[in-house]
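*Asks:* The structure under discussion is supplied below as structure tokens; questions concerning it will follow.
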Amino acid sequence: MEEQTLKVQKIKNGIVIDHIPCGMALKVLKILNINGDIGSTVSLVMHVKSRMGCKDVVKIEDRFLEEREIDKIALIAPTATVNVIENYKVVNKHKVELPDEIVGIVRCMNPRCITNQREPVVPEFKVVSKNPVIIKCKYCEREMGVEDIIENIL
Amino acid sequence: MFKGRDIVSIKELSKEEMDIIFEVAREMIPIAKGERKNNLLEGKILATLFFEPSTRTRLSFESAMNRLGGSVIGFSNPSATSISKGETLADTVRVMDSYSDVIVIRHPYEGSARLAAEFAKNPVINAGDGAGQHPTQTLLDLFTIHQEFGEIEGLNVALIGDLKYGRTVHSLAYALSYLGANIYLVSPELLRMPSHIIRELKEKPMETDKIEDVIEDVDVLYVTRIQKERFPDPTEYKKVAGSYRITPELLKKAKDRAIVMHPLPRVDEIESDVDYTKHARYFQQAFNGVPVRMALLALVLGVV
């Protein structure tokens, strides 16, 4: 496994998002809003063989994550861990955790939901299932899966 | 248990709570008929916020409030109010809340009653939010069945007609399943109940496109209107609508005690001759809207 991970160089400062479910790395980048015009180096390995079967890994140099961003990762990659790297060393390692309620990071996919009108409310969802991730709008009760979540991330 | 409570979704009510509502509704019947006077809600004001047209729901709420000695304010034509000037629902609700003791709301957007409940200090009752919930309709439907059979558990109930777009049948199916009824879904292929609604039912219902398959087994035939605009081809509509019509001949095959229900308005899915058979309960059902809504108003205002 070590050999596989070494396909990508160690980074000096930044974050390593490990144990992303297989095939989800590009979606993780998408919800973090990381696209072509980022100034730092981003490396990505997909389909790394691991004890659990298969995983994706993303390394982003000189970038740190806000709590809100970690919650977003939890929504689509609930098994991921986020390692904070400083001077080539892991200084902080934590598993993302999908909370029971999601507030203000996804909009409801239902165009006829009152939260998509001009009202002073923040979209709120209950997590109905963690594997696979299914969330339910607190207002209109519409359920959304991972693909819907990615399309509607705020 | 009920004082100050919002009634937004049928899913938030337990069987015990529904039984209390039915018990109070039963006591309200003579008052709803005008046979007995009562001033339980004297001095209380109901605000009806109808952002969409409705006759039955709005008028039965008004009748319920008036029968209990309370008064009603509100609107049923939002174009004549400040909403047409672009006021948010949250603001409208906060203002109306300060003028009244309880709010009843119907709104075209889903989740609007939940939003209203968050912004109002007083109880909010959902009278239909878009394709979402309409819990007082479900309660009056259940009350009608309960009145007839005493118990809902174990009954065979057929939901017939447009099971795709009709929100009434969605919450009713959920509640019937929760209360232990056996559900039969009878609809044309094009108008089958959506899978996300079926997923929420305790047991997988029997599905068919022919009433004849279930007529001999069911205790309740809950009929809904099949709308012409759902069909791209008008001749197809005619063919389909005709095969879901309830007639006295069809009812000859039904159980002796079977009842026919309909949320109304009906067009021609139930022949008018059925009105005179022992099976017809739809006008009784429509009347039940008054005692059930009286019960809800009295309960959330904490006077019973």
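Laboratory data are not the source of any read-out in this text; all were calculated from the coordinates shown. Since we're looking at a predicted model, the values are computed, not measured. Reconstructed Cβ throughout: ideal geometry from the backbone, glycine too, with neighbour counts over all protein chains shown.
*Asks:* Show which lysines lie in cross-link reach of A:LYS130 when reach means a straight Cα distance below 20 angstrom and same-chain residues fewer than eight apart are skipped.
*Replies:* In chain and number order, the partners are A:LYS27, A:LYS55, A:LYS72, A:LYS95, A:LYS138.
*Asks:* Under the definition of partner shielding as Cβ atoms of other protein chains within 10 Å of a residue Cβ, what is the mean value for peptide B:129-136?
*Replies:* Counting Cβ atoms of other protein chains within 10 Å of each residue's Cβ and averaging gives 3.
*Asks:* Just tell me which lysines come within less than 20 Å, Cα to Cα, of B:LYS278; anything on the same chain fewer than 8 places away is out.
*Replies:* B:LYS252, B:LYS253, B:LYS255
*Asks:* Something else now. Residue by residue through segment B:87-103, what is 3J(HN,Hα) from phi via Karplus (6.51 cos²θ - 1.76 cosθ + 1.60, θ = phi - 60°)? Round to whole Hz and write x for glycine and proline.
*Replies:* 5, 6, 4, 4, 6, 4, 5, 4, 5, 4, 4, 6, 9, 9, 9, 8, 10
*Asks:* Could you name the lysines in cross-link range of B:LYS37, using Cα to Cα under 28 Å and dropping any fewer than eight places away on the same chain?
*Replies:* Partners found: B:LYS3.
*Asks:* Still on this structure: Can you give the convex hull volume per residue for the Cα atoms of the protein assembly as shown, as a whole number of Å³?
*Replies:* Values: hull volume 86.3 nm³, N = 458.
Dividing the Cα hull volume of the protein assembly as shown by its residues yields 188 Å³.
*Asks:* If you don't mind, another one. Hey, what's the per residue convex hull volume over the C-alpha atoms of segment B:165-229, in cubic angstrom?
*Replies:* With only Cα atoms used, segment B:165-229 gives 90 Å³ per residue.
*Asks:* Further, regarding this structure: Multiplying the sequence separation of B:ARG199 and B:THR55 by 0.36 nm and subtracting their Cα-Cα distance, what value in nm do you get?
*Replies:* On the way: separation 144, 0.36 × 144 = 51.84 nm, distance 3.24 nm.
Computed gain between B:ARG199 and B:THR55 is 48.6 nm.
*Asks:* Starting from 0.36 nm per residue, how many nanometres of slack lie between B:ARG94 and B:ASN77 once their C-alpha separation is accounted for?
*Replies:* 4.3 nm
*Asks:* I've got another one for you. Taking other Cβ within 10 Å of each residue's Cβ, how do B:TYR237, A:TYR88 sort, fewest first?
*Replies:* With the sparsest Cβ surroundings first, the list reads A:TYR88, B:TYR237.
*Asks:* With the Cα gyration tensor of chain A in hand, give its eigenvalues times 5 under a square root as the equivalent ellipsoid semi-axes, listed largest first in whole angstrom.
*Replies:* Working through the eigenvalues yields semi-axes of 31, 16, 13 Å.
*Asks:* Size of segment B:132-279 along its principal axes in angstrom, Cα-based, largest extent first?
*Replies:* Cα spread of segment B:132-279 along its principal axes, largest to smallest: 41, 36, 27 Å.
*Asks:* Shifting gears a bit: Can you put A:HIS94, B:HIS107 in order of Cβ neighbours within 10 angstrom, beginning with the fewest? Show your work: numbers first, answer last.
*Replies:* Details: A:HIS94 11, B:HIS107 26.
Sorted ascending by nearby Cβ count, the order is A:HIS94, B:HIS107.
*Asks:* Which trypsin sites (Lys or Arg not before Pro) does segment B:86-146 hold that lie in a coil by DSSP with at most 15 other beta carbons within 10 Å?
*Replies:* Working: sites: B:ARG94, B:ARG106, B:ARG114, B:LYS121; in loops: B:LYS121.
Hits after loop and neighbour filter: B:LYS121.
*Asks:* Using the reciprocal of the averaged 1/r over all distinct C-alpha pairs, how large is the Kirkwood radius of segment A:73-124 in Å?
*Replies:* Hydrodynamic radius (Kirkwood, Cα only) of segment A:73-124 equals 13.7 Å.
*Asks:* Could you give the angle, 0 to 90 degrees to the nearest 10, between helix B:282-300's Cα long axis and the longest principal axis of the Cα atoms of chain B?
*Replies:* 30
*Asks:* For a paramagnetic label modelled at 7 Å from the Cα of B:ASP217 toward its Cβ, which residues of segment B:160-180 fall within the zone defined by backbone nitrogen distances under 20 Å?
*Replies:* B:160-163, B:173-180
*Asks:* Taking only Cα atoms, what is the 0 to 90° angle, nearest 10, from helix A:67-76's long axis to the longest principal axis of chain A?
*Replies:* 80
*Asks:* Semi-axes, largest first, in whole Å: what does sqrt of 5 times each Cα gyration tensor eigenvalue give for chain B?
*Replies:* So the three semi-axes of chain B are 33, 22, 18 Å.
*Asks:* Hey, got the Cα dimensions of segment B:54-162 along the principal axes, in Å, largest first?
*Replies:* Taking max minus min along each principal axis of the Cα atoms, segment B:54-162 gives 50, 35, 24 Å.
*Asks:* Within 10 Å of each Cβ in peptide B:86-94, how many partner chain Cβ atoms are there on average? Round it to a whole number, please.
*Replies:* Values: counts 1, 1, 5, 6, 5, 2, 0, 0, 0.
Shielding by partners across B:86-94 averages 2.
*Asks:* Ok, one more. Taking chain B as the reference, fit the longest principal axis to its C-alpha atoms, fit the long axis of helix B:135-149 to the helix C-alpha atoms, and give the angle between the two in degrees, 0 to 90, nearest 10.
*Replies:* 50
*Asks:* Using only Cα atoms, what is the ratio of the radius of gyration of segment B:197-304 to 2.2 N^0.38 Å?
*Replies:* 1.30
*Asks:* Roughly how far apart, in whole Å, are the Cα centres of segment B:1-29 and segment B:128-196?
*Replies:* That distance is 18 Å.
*Asks:* On average, how many beta carbons from a partner chain sit within 10 Å of the beta carbon of a residue in A:131-143?
*Replies:* So the per-residue partner count for this stretch is 3.
*Asks:* So what are the three principal axis dimensions of segment A:107-154 from its Cα atoms, in whole Å, longest to shortest?
*Replies:* Answer, in whole Å and largest first: 33, 18, 15 Å.
*Asks:* Among the trypsin sites (Lys or Arg not before Pro) in segment B:5-83, which ones are in a DSSP loop with at most 14 other Cβ atoms within 10 Å of the Cβ? Mind listing them?
*Replies:* B:LYS33, B:ARG36, B:LYS37
*Asks:* Which loop GluC sites (Glu not before Pro) in segment B:190-240, with loop taken from DSSP, have no more than 15 other Cβ atoms within 10 angstrom of their Cβ?
*Replies:* B:GLU200, B:GLU203, B:GLU216
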